[in-house]
Amino acid sequence: MNQRTRAFICKYINADPTAPILTFISTFMLIRIEMTICSVICFFVLVSCSGQPLQQKKKFTRQDTLRGSITPERAWWDVVSYHVAFNTDYNNRAIEGKCEIQFRVLKPGNRMQVDLQQPMQISRAYSGDDQYKFTREGNIYYINFPQPLKKDSLHTIVIVFRGNPKIAVHPPWQGGWIFAKDSLGRPWMSVACQGLGASAWYPCKDHQSDEPDSAFINITIPDTLVAVANGRFMGKQSFSAGLMTYRWAVTNPINNYNIVPYIGKYASWDETYNGEKGKLDCQFWVLDYNLQKAKQQFRQVPAMLKCFEYWFGPYPFYEDSYKLVESPHLGMEHQSAIAYGNKYQNGYLGNDLSGTGWGKKWDFIIVHESGHEWFANNITTNDIADMWIHEGFTTYSEVLFTECEFGKEAGNDYLTGIRKSIENDIPVVGPYGVNQEGSGDMYPKGANLLHTIRQIINDDNKFRQILRGLNAVFYHKTVNSKDVEEYISKESGTDFSKLFDQYLRTIKIPVLEYKLNARSVSYRWSDCVEAFDMKVKIKLGDEKQEWIQPARDWKTLDLSNGYDGKTFIVDRNFYILTKKTD
């Protein structure tokens, strides 16, 4: 079990991939009796991490539905902007503040669902002199307006909140607020809440489908520290002895879980990248004692930006800048303020997730989390069930970066290397409406799906234009998986619907069965969805390559003299299984 697999499992069941028991399990996995070991692994991981099944939840509660669906109390209003202003109490692990929510009325309504997870509390809700009554049901509040608000009207509600937010035990896998210390014992704070939700620390409409058009973050802290957040720095102000308020503003749409404060003893420097849309401001915020090593390690950023702008189109947030911010956890794709905690080394905490050697030639967190600026932050899924759009495309960005830097075969090596991490435990697409993601396979299997599609298109320029087109057509938008699937099929001129169903909605890997004869080869697909007929490239003999398009019934390809009747090799870039049949 390599580092990525351990991370996938632990992210899925909320555990730490560096836990000693998992190190033991990784060693134990060297005994390659795979079916038996799989059961042992599941048992030990369950016991050591959380006691929860390594699968999707079987039963969902009303709280799951309230969190993960568009309820009537959410459907009538659309968030325009969040303005979160708060201060921290490091010693008591507490925060308090207010969140101004500007919203537009989509249809008349007067009962509003606002999410804020326990033990955080709302103490007041108002607009000007108007005070609003509210009630609580678990992790949500219902705020009641005296009468229905008019369609298309614009309103602002101020919600005062306070409390002790859920503490992140193993961020970012088990998320929440982080009250840490740097190596000199100074306070170091942040938050990681993907999946858990931004409502773990501030009141909001906690559903990925509703991104505010802008956001403002005001952070009041001791004046011995520095506060960094998304977007542009708008200034700081000392309003009482020993305290300082840092103001940041985001002018692009941003998802709730991406809004983040970083509080610590930071130093910074600026650079400019000449990109496709002009000059991109790049800022780097690191703990003061790491400044020199950061300047060395972060030299990888321009090459990453060049590669990703080539493949995906312009960086999506020029107005808000690009930032890397050192964090007290491994990393997260916080929009325009990416969390970096890879300890200034190449690979994934120094490891090559592909096992090929290529993954240690670049910094995993810089590349992967930056790739999310295009897939997760620019294009965001409406439901976490479709999170393969975030993680599959971004994992494929690792392949493309390897290709940009070291050539196409290096990228192919990396891709086939991470394939070994695929578990095929549960479908990649999860259940909708309950805030539940699918399998952790969304990372390597999603990337292998895209690579297989690239082979079938058989035109790198067209494939590149599809990736760029996705980021243009769905620029700053939220999508469903079907939106992306249909776009790829339309722009490629190939109906990939059965292929998407096969790889995203089943755990079956298609098996190419074949029979060899002296002058012919017969083949068919098995273990596949109905009407699956994906074409694939094979090699016959020493030189001969063929494209074949198997179906569920046997087909036969007649061969000329000279075929040895023995060689049948599938191009490694297709994620399939093969089976020779007598």
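The values are calculated or read from the model by the stated rules, or taken from the named source; none is laboratory data. All of these numbers come straight from a predicted model, not from anything done at the bench. We place every Cβ from the backbone using ideal geometry, glycine too, and count neighbours over all the protein chains shown.
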- Item | the stretch 276-293, residues that are surrounded by 18 or more Cβ atoms within 10 Å (Cβ to Cβ) and over 24 Å from the mean Cα position of the chain (by Cα) | LEU287
- Qualifying position, being at pLDDT 95 or above, under 31 Å from the mean Cα position of the chain (by Cα) and assigned to a loop (DSSP other than H, G, I, E, B), among GLN113, GLN117, GLN102: GLN117
- Task: State which residue is nearest to the chain's Cα centre (by Cα) when the search covers only the stretch 126-164 and only residues that are small (Gly, Ala, Ser) and assigned to a strand (DSSP E or B).
- Result: GLY163
- Collect the residues in the stretch 285-304 that are in contact with a strand residue (DSSP E or B) (Cβ under 6 Å, 6 or more places away or on another chain), over 17 Å from PHE364 (Cα atoms) and assigned to a helix (DSSP H, G or I), keeping them in residue-number order. ASP288, LEU291
- Task: Sort out which residues of the stretch 305-315 are over 15 Å from PHE284 (Cα atoms) and part of a helix (DSSP H, G or I), and write them in order of number.
- Result: LYS306, CYS307, PHE308, GLU309, TYR310, TRP311, PHE312
- Query: In this structure, does PHE496 turn out to be touching a strand residue (DSSP E or B) at 6+ places or on another chain (Cβ under 7 Å), closer than 30 Å to ASN382 by Cβ, buried (at least 16 other Cβ atoms within 10 Å of the Cβ) and aromatic (Phe, Trp, Tyr)?
  - Reply: no
- Query: Somewhere in the stretch 535-553, is a residue part of a loop (DSSP other than H, G, I, E, B) and closer than 27 Å to LEU470 by Cα?
  - Reply: yes
- Item | The one condition in (1) free of Cβ contacts under 8 Å to residues at least 60 places away in the same chain; (2) within 16 Å of LYS445 (Cα to Cα); (3) out of contact with any helix residue (DSSP H, G or I) (no Cβ under 7 Å at 6 or more places or on another chain) that GLY417 fails to fulfil | (1)
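Select, from SER190, SER183, SER199, SER123, the only residue that is in a loop (DSSP other than H, G, I, E, B) and either among the hydroxyl-bearing types (Ser, Thr, Tyr) or modelled with pLDDT of 95 or more (or both). Outline the logic, then answer.
Working: SER190 fails: in a loop (DSSP other than H, G, I, E, B); SER199 fails: in a loop (DSSP other than H, G, I, E, B); SER123 fails: in a loop (DSSP other than H, G, I, E, B).
Every option except SER183 fails the conditions.
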- Query: Scanning for something touching a Ser or Thr at 6+ places or on another chain (Cβ under 7 Å), closer than 26 Å to ILE389 by Cβ and not assigned by TED's automatic domain parsing to the domain that holds VAL399, does the stretch 531-553 turn up at least one residue?
  - Reply: no
- Task: Please specify each residue of the stretch 342-359 satisfying the condition of being touching a helix residue (DSSP H, G or I) at 6+ places or on another chain (Cβ under 7 Å), among the small types (Gly, Ala, Ser) and in a loop (DSSP other than H, G, I, E, B).
- Result: SER354, GLY355
- Query: Would a scan of the stretch 511-522 turn up a residue that is without any contact (Cβ under 8 Å) to a residue 60 or more places away in the chain and surrounded by 15 or more Cβ atoms within 10 Å (Cβ to Cβ)?
  - Reply: yes
- Go through the stretch 87-139 residue by residue and tally those that are closer than 22 Å to PRO212 by Cα and of a type in the set (Val, Ile, Thr). 4
- Would you mind telling me which numbered condition in (1) touching a residue at least 40 places away in the same chain (Cβ under 8 Å); (2) in contact with a Ser or Thr (Cβ under 9 Å, 6 or more places away or on another chain) GLU369 fails? (1)
- Of the criteria (1) touching a helix residue (DSSP H, G or I) at 6+ places or on another chain (Cβ under 9 Å); (2) hydrophobic (A, V, I, L, M, F, W, C); (3) assigned by TED's automatic domain parsing to the domain that holds HIS451, which one ILE365 fails: (1)
- Query: Is at least one residue of the stretch 343-364 of a type in the set (A, V, I, L, M), under 25 Å from ARG232 (Cβ atoms) and either more than 12 Å from the chain's Cα centre (by Cα) or surrounded by fewer than 20 Cβ atoms within 10 Å (Cβ to Cβ) (or both)?
  - Reply: no
- Note on the structure: For the stretch 221-260 the number of residues that are touching a strand residue (DSSP E or B) at 6+ places or on another chain (Cβ under 7 Å) and crowded, with 21+ Cβ neighbours inside 10 Å is 14
- Message: Here are the criteria: (1) buried (at least 16 other Cβ atoms within 10 Å of the Cβ); (2) under 25 Å from ALA385 (Cα atoms); (3) among the polar types (S, T, N, Q). Tell me which single one ASN573 does not satisfy.
- Response: (2)
